[in-house]
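The values are calculated or read from the model by the stated rules, or taken from the named source; none is laboratory data. All of these numbers come straight from a predicted model, not from anything done at the bench. Here the Cβ is made from the backbone with ideal geometry for all residues, glycine too, and neighbour counts use every protein chain on show.
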Amino acid sequence: MTTLLLSHPACLEHDTGDLHPECADRLTAITRILEHEDFFYLSRDEAPRATEDQLRLGHSAAHVARVLGAIPAEGWHEFDSDTVASPGSGEAALRSAGAVVAAIDEVLGGRSRNAFCAVRPPGHHAGRETVEGFCLFSNAAIGALYARRVHGLERVAVVDFDVHHGNGTQEVLWTEPGTFYASTHQQDAYPYTGTMAETGPEGGCVVVNVPLPAGTGSDDFRWAYADLILPKLRDFRPELVIVSAGFDGHAADPMAHLRLQVADFDWVTRQLLDVAAECCQRRLVSVLEGGYDTRALAACVASHVRALMDA
């Protein structure tokens, strides 16, 4: 079995306008670096569209209809000051959510060891009834609920190392038994959620939030995982690990103020792969979230994917 890369050209057609940080250049940079000979043995496939039934695992039918109905025939539609849609955005959003679903099918079906979904728009700020923070549909949360309800898994974990708290993922999974959500993120940064006091309701999602002060570097980031997140993840004994892989904690990223390096993303990826090896037959699916300095993003994704291929 190999590592599977899922993407689709439609994800380049989600046009967010001039100077928007969540732009097609991000995916172009990733695509280029993954063409290097180091990734010759990476299996590749096009992401399918998510069905509306799959989207409704994480969102109401009314919300799905509102989002898809707001996609403009020309120009842009502003859901809010950060989140915009163009004529290509609906197809891109369907392919982004569909990539996670397809990756789960492949990994749980034993055809791939693990998978990385190089897609946009991202998803971890999209709530059950909300569009925000560049995100239209809650890709990782949809994947977690798909793994439980369609594949029958009892315990599915989502681990989010994006620099911003995945408030949408947390909200969608909040009351869902058999789910686990953990996040490291910059304290007092958008979306201003994710305190340590948010631990999930009785009988619902197990939530572990570790907010990190601005300026946090490698040592404290690694401590947050080694001492706070990974022990609880192991105690949860997931049958599948889903990673919300945001690389905007890199020191070069303009969107926040953590001081992480490429080696930190390699380290945390390998730590999560170790848990997957111990608990769930190495089954891990990763989906792109943030990362807005294209050079740093490409380098981090390359390191992340190398680690997946080494597992």
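Checked against (1) farther than 24 Å from D248 by Cβ; (2) assigned to a helix (DSSP H, G or I); (3) touching a residue at least 24 places away in the same chain (Cβ under 8 Å), C11 meets all criteria but (1).
V67 meets the conditions (1) assigned to a loop (DSSP other than H, G, I, E, B); (2) touching a residue at least 60 places away in the same chain (Cβ under 8 Å); (3) closer than 18 Å to D15 by Cα; (4) among the hydrophobic types (A, V, I, L, M, F, W, C) in every case but one. The failed one is (1).
Report the residue count in region 26-59 for those that are among the acidic types (D, E), surrounded by fewer than 13 Cβ atoms within 10 Å (Cβ to Cβ) and not in a loop (DSSP other than H, G, I, E, B). Break it down into steps so the answer makes sense when it comes.
Restricting attention to region 26-59, the residues satisfying the condition of being among the acidic types (D, E) are 35, 37-38, 45-46, 52-53.
The next check asks that each one be surrounded by fewer than 13 Cβ atoms within 10 Å (Cβ to Cβ); those that pass are 35, 37, 53.
Still in the list and also not in a loop (DSSP other than H, G, I, E, B): 37, 53.
The number of residues fulfilling the criteria is 2.
Could you go through region 15-23 and let me know if any residue there is free of Cβ contacts under 8 Å to residues at least 12 places away in the same chain and on the phi > 0 side of the Ramachandran plot. Yes, because at least one residue in region 15-23 is free of Cβ contacts under 8 Å to residues at least 12 places away in the same chain and on the phi > 0 side of the Ramachandran plot. Assessment of region 136-149 against the conditions (buried (at least 24 other Cβ atoms within 10 Å of the Cβ) and more than 21 Å from E239 (Cβ to Cβ)) yields at least one matching residue.
Report yes if D188 is among the charged types (D, E, K, R), over 18 Å from the mean Cα position of the chain (by Cα) and under 23 Å from S81 (Cβ atoms), otherwise no.
Values: among the charged types (D, E, K, R): yes; over 18 Å from the mean Cα position of the chain (by Cα): yes; under 23 Å from S81 (Cβ atoms): yes.
Yes.
Applying the condition of being free of Cβ contacts under 8 Å to residues at least 24 places away in the same chain and of a type in the set (D, E, K, R) to region 223-256 and asking which residue is nearest to G133 (Cα to Cα) yields D227. Hey, does region 242-261 have a residue that's surrounded by fewer than 23 Cβ atoms within 10 Å (Cβ to Cβ) and within 23 Å of M309 (Cα to Cα)? Yes: one or more hits. G215 - would you say it is surrounded by fewer than 19 Cβ atoms within 10 Å (Cβ to Cβ), in contact with a Lys or Arg (Cβ under 7 Å, 6 or more places away or on another chain) and part of a loop (DSSP other than H, G, I, E, B)? Criteria met by G215.
Among A157, A189, A118, which is under 21 Å from V305 (Cα atoms), of a type in the set (A, V, I, L, M), touching a residue at least 24 places away in the same chain (Cβ under 8 Å) and touching a Pro at 6+ places or on another chain (Cβ under 9 Å)? Before the answer, list the steps.
Working: A189 fails: under 21 Å from V305 (Cα atoms); A118 fails: touching a Pro at 6+ places or on another chain (Cβ under 9 Å).
Only one candidate passes the filter, namely A157.
Of all residues in region 20-42, none satisfies being farther than 22 Å from P191 by Cα, aliphatic (A, V, I, L, M) and touching a Pro at 6+ places or on another chain (Cβ under 9 Å).
Any residue at all in region 90-105 that is surrounded by fewer than 21 Cβ atoms within 10 Å (Cβ to Cβ), modelled with pLDDT of 95 or more and not in a helix (DSSP H, G or I)? No, there is no match, as no residue in region 90-105 is surrounded by fewer than 21 Cβ atoms within 10 Å (Cβ to Cβ), modelled with pLDDT of 95 or more and not in a helix (DSSP H, G or I).
Of all residues in region 272-288, those being in a helix (DSSP H, G or I) and surrounded by fewer than 18 Cβ atoms within 10 Å (Cβ to Cβ) number 3.
Which ones in region 255-271 are in a helix (DSSP H, G or I) and of a type in the set (S, T, N, Q)? Don't jump to the end; show me each part of the working.
First pass over region 255-271, keeping only residues in a helix (DSSP H, G or I): 262-271.
Hits for region 255-271 are T269, Q271.
With the structure loaded, tell me whether S81 is hydroxyl-bearing (S, T, Y) and surrounded by 14 or more Cβ atoms within 10 Å (Cβ to Cβ) or whether it fails that test. For S81, the condition - hydroxyl-bearing (S, T, Y) and surrounded by 14 or more Cβ atoms within 10 Å (Cβ to Cβ) - is not met.
If you take the residues of region 35-50 that are without any contact (Cβ under 8 Å) to a residue 40 or more places away in the chain and closer than 20 Å to S286 by Cα, which of them is farthest from the chain's Cα centre (by Cα)?
Just the residues of region 35-50 that are without any contact (Cβ under 8 Å) to a residue 40 or more places away in the chain, to begin with: 35, 37, 40.
Then keep just the ones that are closer than 20 Å to S286 by Cα; that gives 35, 40.
Working: E35: 22, F40: 24 Å.
The selected residue is F40.
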